[in-house]
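Inspection log for the structure reproduced underneath, given as structure tokens.
The values are calculated or read from the model by the stated rules, or taken from the named source; none is laboratory data. Model, not experiment: these values are computed from the prediction. Every residue, glycine as well, gets a Cβ built from its backbone with ideal geometry; the counts of neighbours run over all protein chains shown. Surface areas here come from the heavy atoms of the whole protein model, side chains and all, with no ligands, DNA or RNA. Shrake-Rupley method; radii C 1.70, N 1.55, O 1.52, S 1.80 Å.
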Amino acid sequence: MTPEITLTQTPAHVRHGSNVGQPLTRRDGVLKVTGGARYAADNHPAGMLYAVLAVSSIARGRVTFLDVQAATSHPGVVDVMTPANRPPLAEDPDAKTNPFMFRLDLLQNDQVRYANQPIAVVIAETLEAATEGAALLSPQYEAQPARVGLDASESFVPPAVGVGNPAKVQRGDVEAALATASRRIDATYETPAQYHNAMEPHAIVAAWDGDALSIDTPSQGLAMAQGRIAGLFGISPEKIHIRSPFLGGGFGSKGLISGPQILGIMAARLVGRPVKLVLRREQMYGPVGHRAPTRQTLRIGADRDGRLSAIDHHAKTATSTFDDFFEPAADASHTLYASPAIATSHEAVRVDTGTPLFMRAPGEATGSIALESAIDEAAQACGMDPLAFRLKNYAEVEPISGKPFSSKALRECYAQGAERFGWARRPLAPRQMRDHDGLLVGWGVGTATFPALMFQAEAKAVLRQDGSGVMEIGAHDMGQGAWTALAQIAADGLGLDIDQVEFRSGTSDLPDGGIAGGSAHTATAGMAIHNAGADVVARLADLATTDDRSPLFGAGNAGVIARGGRLFRRDDESRSESYSDILGRAGLAEIEGQGKSAADQAAQSTYAMHAHGAVFAEVKVDPDLGQMRVTRVVGAFAAGRIINPRMVRSQLFGGMIWGVSFALHEHAVMDRRSGRTLNANLAEYHVPVNADVPSMEALMIDEHDPHVNALGIKGVGEIGITGTAGAVANAVWHATGIRVRRFPIKIEDLVMPASH
Ligand code: MOS
């Protein structure tokens, strides 16, 4: 079943041959606002049962008793899955053969290694019965004290951080440079544990038919999920059909299939009926990843003129006791500022939590709020305006690798953002501005950067004799607008109007669309689509240019261009022929092409590839109460070619809202005695609501980067968070004169400065 995307929602004003660049509205927008978009948990196959997780209330120890009898006897309960009766798996859930493989808790034994770890699954005819059954299990434990916090145990140097980055990197002699620097700062910043909190919880509807498996579940990586499930159940990936047409957010937590999703599949196998399993909000605080806390020390040296001479960035972080993910926070100092000496290093502790994971610019977000704060402190130590200091020190070539990159675009971001914001009127000293209500006003700036990554993907293109086309790719729309932007690339690639293209996406039977992560999906899937379009058009051109009955005869493949369902001679556009005529004469109902994409290794080794930006924020702080609000944010971003400015603006707003959230709101509070998150709900885990979101502007700076990929696309998903968090923190300092180094910034930081 293909998702219910119709082609009639596209505005009619689209110009031929230039679908890319048009601010089309979301092709899935009407479906979403009318409730017609079917999310995973909306699926109710015949005979479906409801599964509810029972999770551990301790963080470390062993389950000694579950009252399975009480649960099973409850009316409506069909079965209770525990380590005693769970279906066998073909692969050890604790096996790890590559860095993208995370250890899962699939009821393999009675051990508890973090709070909210699944310990049983109750399956019943109704959600209510399953919920009641889970409550009746009344688990008993042999508990051991939880080890939590960044000082929980002896630290060590991780073997790698992020995905395979070295834990320590050095260029130049930082200690020598610091020793001779005339201006120096040495400051420690702390960021809390954060949880992805996608609006849609992890959900799965699983149905077995023999050894074939049909699944509805949100996924940022269909092919990887398929591979992981295939390994665990010992079936071939082709036997697994996953539908994921829409995600209610992912933010990294749906990049890899999680333990609870697998438990839903196991439950369906156990009872031999389709099963739906949906996590409750508080159950998302454990088995589906989080952003680890960090403590980062920045030592920065500069000369008397405000030129940087040394950056030393050290980050301490935490991972679980049983698996490895190390937030690569210090790596943020690799790319932004030109210092002759740069050193970055990481250390980690093991704690009794679920394994941390990629979350909204992993490393870049945590690292940049510390780095941008420290750069502001360095500017202050040099008596310089923080923007002027950045303009003096931003890197023209990537400092750590020495490779050239598009830093001209960054200068443009600083200039246009500052102009739009009105930065020139900013007094240098803090606590100088008040609004008409007497609130303190502060302005801050932060530099934004995010790598322009590309993964691998494939696509299939078809042109049909009736003049229409099809593009197929198992891509993922998390809400970012992939249904729209990728269809635009498809239309241009096929040389068709967008309403002539059937765009199929979001299911695992389509060509592998790679993963929607690392802000790389538009580039990755887009290039596969572009190449598939080019391939099918080339095949069509072959038919025409080698046929002496065609007006294109002899033009050669490179001598034609495709537009509006016709091929034109490049040197004489009065000579053209429609796709229908070409296919009709050849007696073909349709013609098919394929495309692949991957990062260009030669270009990657020559150039550093990043998107850039500059974010300017205004905050207002009540001088008596410490209450603070972000009132204005202007971000200027250079991110290569913009496929759909409406979607991109929305993405940049989303990123900037995360930045506000990082600086002022999000904080998972750990109970040190129990090892449980105290605020595992959206009432007490604060994220910005409409009233917290200020007036925002996102300026898109024209940038043509010919090296990233043939379409010139960079990512826009995550870059917004990287500049904004620091800009807000710096604005709070400028409003109050108080430098808060522990995030999120809280009212008590501003009314009781002595506590810091
Ligand atoms: Mo993301 S954290 O690359 O989904």
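I want the antiparallel fraction of DSSP beta bridges within segment 442-514, as a percent rounded to 5. List each step's numbers first, then the result.
Numbers: 4 of 9 bridges.
Beta bridges within segment 442-514, antiparallel portion: roughly 45 percent.
Before I look further, what does segment 268-387 give for accessible area per residue, probe 1.4 Å, in whole square angstrom? Walk me through the intermediate numbers first.
Details: 2620 Å² over 120 residues.
With the other protein chains kept in place, segment 268-387 gives 22 Å² per residue.
Rounded to a whole number, what is D in µm²/s for segment 593-648 from Stokes-Einstein with the Kirkwood radius over alpha-carbon pairs (4 °C, 1.567 mPa s)? List each step's numbers first, then the result.
On the way: Rh = 15.8 Å.
This corresponds to a translational diffusion coefficient of 82 µm²/s.
Any idea what % of Cα-Cα pairs in segment 474-576 are farther than 24 Å? All intermediate terms of the calculation are to be shown ahead of the outcome.
Values: 1722 of 5253 pairs.
Of the Cα pairs, 33 percent sit more than 24 Å apart.
If packing is taken as the average number of other Cβ atoms within 10 Å across a peptide's residues, how do 247-256, 284-293, 62-71 rank, most packed first?
Values: 247-256: 23.6, 284-293: 25.9, 62-71: 16.5.
The packing order, highest mean first, is 284-293, 247-256, 62-71.
Among 632-638, 685-691, what's the highest-first ranking by average C-beta atoms within 10 angstrom per residue? Intermediate values should be presented prior to the final figure.
On the way: 632-638: 27.0, 685-691: 12.9.
Top of the packing list down: 632-638, 685-691.
Kindly write out, for segment 216-232 in residue order, the coupling ³J(HN,Hα) from the Karplus curve 6.51 cos²θ - 1.76 cosθ + 1.60 (θ = phi - 60°), rounded to whole Hz, with x marking Gly and Pro.
Ordered by residue, 3J(HN,Hα) equals 10, 6, x, 9, 8, x, 4, 5, 5, 4, 4, x, 5, 5, 4, x, 5 Hz.
Taking Cα atoms of the chain, Rg/Rh with Kirkwood Rh, to two decimals? Working shown, then result.
Numbers: Rg = 27.3 Å, Rh = 27.4 Å.
Looking at the chain, the ratio lands at 1.00.
How much of the DSSP bridge set in the chain is antiparallel, in percent, rounded to the nearest 5?
Values: 100 of 130 bridges.
Of all bridge pairs located within the chain, approximately 75 percent are antiparallel.
Can you list residues from other chains, or at least 5 along the same chain, whose modelled amide H is less than 5 Å from the amide H of V78?
I123, A124, E125
Collect residues whose amide H, placed 1.01 Å from N in the peptide plane, falls under 5 Å from the amide H of G248; neighbours closer than 5 in sequence don't count.
Those lying under 5 Å, H to H, from G248 are E200.
Set the bar at 23 Å for Cα to Cα. Now go through K276/K596; K408/K620; K403/K714; K239/K460 and name every pair that lies beyond it. Write down the numbers at each step before the final one.
Details: K276/K596 35 Å; K408/K620 32 Å; K403/K714 18 Å; K239/K460 21 Å.
Result: K276/K596; K408/K620 exceed 23 Å.
May I ask you to compute the full-extension gain from F100 to S138, defined as 0.36 nm times their residue separation minus their alpha-carbon distance, rounded to one decimal in nm? Please report the intermediate quantities before stating the final value.
On the way: separation 38, 0.36 × 38 = 13.68 nm, distance 3.51 nm.
Net length gain for the segment: 10.2 nm.
Tell me the net charge near Y195. Cut-off is 11 Å between Cβ atoms, Y195 excluded, with +1 for each Lys or Arg and -1 for each Asp or Glu. Let's see the in-between values first.
On the way: positive: R281, R291, R360; negative: E282, E666.
It works out to a net charge of +1.
Let's test this: bin the Cα-Cα distances of segment 631-756 at 10 Å from zero up to the farthest pair and state each bin's percent.
12, 34, 30, 17, 7, 1
Keeping every protein chain in place, order S182, S345 by accessible area at 1.4 Å, biggest value first, i.e. largest first. Provide the component values of the computation, followed by the final result.
Details: S182 45, S345 20 Å².
Largest to smallest exposure gives the sequence S182, S345.
With θ taken as phi - 60° and the coefficients 6.51, -1.76 and 1.60, list the Karplus ³J(HN,Hα) couplings across segment 413-418 in order, rounded to whole Hz; mark glycine and proline as x.
Listing the rounded values in order: 4, 4, 5, 6, x, 4 Hz.
Under 15 Å between alpha carbons, and skipping anything fewer than 8 positions from K746 in its own chain: which aspartates and glutamates qualify?
List returned: E190, D622, D624, E666, E684, D692.
What does the convex hull of the Cα atoms of segment 342-389 come to per residue, in Å³, rounded to a whole number? Kindly include the intermediate steps, with their values, before the conclusion.
Working: hull volume 5.5 nm³, N = 48.
In segment 342-389, the Cα hull volume divided by residue count equals 115 Å³.
Can you list the residues, at least 5 places off or on another chain, whose amide H is less than 5 Å from the amide H of R434, using H built in the peptide plane?
V441
Per-residue HN-Hα couplings for segment 50-62, Karplus 6.51 cos²θ - 1.76 cosθ + 1.60 at θ = phi - 60°, whole Hz, x for Gly and Pro?
After applying 6.51 cos²θ - 1.76 cosθ + 1.60, I find 10, 10, 10, 7, 9, 10, 6, 9, 9, 9, 7, x, 8 Hz.
Let's test the formula: R0 of 25 Å, r as the Cβ-Cβ distance of L682 and T126. What FRET efficiency results, to the nearest 0.05?
Result of the calculation: an efficiency of 0.50.
Quick check: from the Cα gyration tensor, does segment 441-534 come out rounded (a/c under 1.5), prolate or oblate?
Values: a/c = 2.64, a/b = 2.03, b/c = 1.30.
Here segment 441-534 falls in the prolate category.
Assuming R0 = 51 Å, what is the FRET efficiency of Q456 and D67, from their Cβ-Cβ distance, to the nearest 0.05? The partial results should precede the final answer.
Values: r = 49 Å, r/R0 = 0.96.
The value I calculate is 0.55.
In square angstrom, what is the accessible area per residue of segment 147-234 with a 1.4 angstrom probe? Don't skip to the answer; put the middle values down first.
On the way: 3620 Å² over 88 residues.
So segment 147-234 comes to 41 Å² accessible per residue, rounded to a whole number.
Suppose accessible area is computed on protein heavy atoms with a 1.4 Å probe; arrange K596, K460 from highest to lowest. Kindly include the intermediate steps, with their values, before the conclusion.
Numbers: K596 140, K460 55 Å².
Most to least solvent-accessible, the answer reads K596, K460.
For the chain, with all protein chains present and a 1.4 Å probe, just round the carbon and sulfur fraction of the accessible area to a whole percent.
On the way: 13970 of 27800 Å².
Carbon and sulfur atoms account for 50 percent of the accessible area of the chain.
Based on the mean of other beta carbon atoms within 10 Å per residue, what is the order of 700-709, 201-210, 310-319, most packed first?
Top to bottom by mean Cβ count within 10 Å: 310-319, 201-210, 700-709.
Stick to Cα atoms and the Kirkwood definition of Rh, then tell me Rg/Rh for segment 41-80. If you can, show how the numbers build up before the last one.
Details: Rg = 14.0 Å, Rh = 13.0 Å.
Reported Rg/Rh, Kirkwood definition of Rh: 1.08.
Ignoring ligands and nucleic acids, what accessible area does T297 show with a 1.4 Å probe (Å², nearest 10)?
40 Å²
Taking the Cα centre of segment 698-753 as the origin, how large is its charge dipole in debye, to the nearest 20, when only Lys and Arg (+1) and Asp and Glu (-1) carry charge on their Cβ atoms?
Values: 5 positive and 6 negative charges, 73 e Å.
Approximately 360 debye in magnitude.
Of all alpha-carbon pairs in segment 249-303, indicate the percentage at a distance above 16 angstrom.
Numbers: 887 of 1485 pairs.
Percent of Cα pairs beyond 16 Å in segment 249-303: 60.
Sum up the charges of everything whose Cβ sits under 10 Å from the Cβ of D749, counting Lys and Arg as +1 and Asp and Glu as -1, but leave D749 out.
On the way: positive: R739, R741, R742, K746; negative: E748.
Charge balance near D749 sits at +3.
Go through S519, G654, L213 and say which Cα lies farthest out towards the positive end of the charge dipole of the chain; charges sit on Cβ, +1 for Lys and Arg, -1 for Asp and Glu.
In the chain, that residue is G654.
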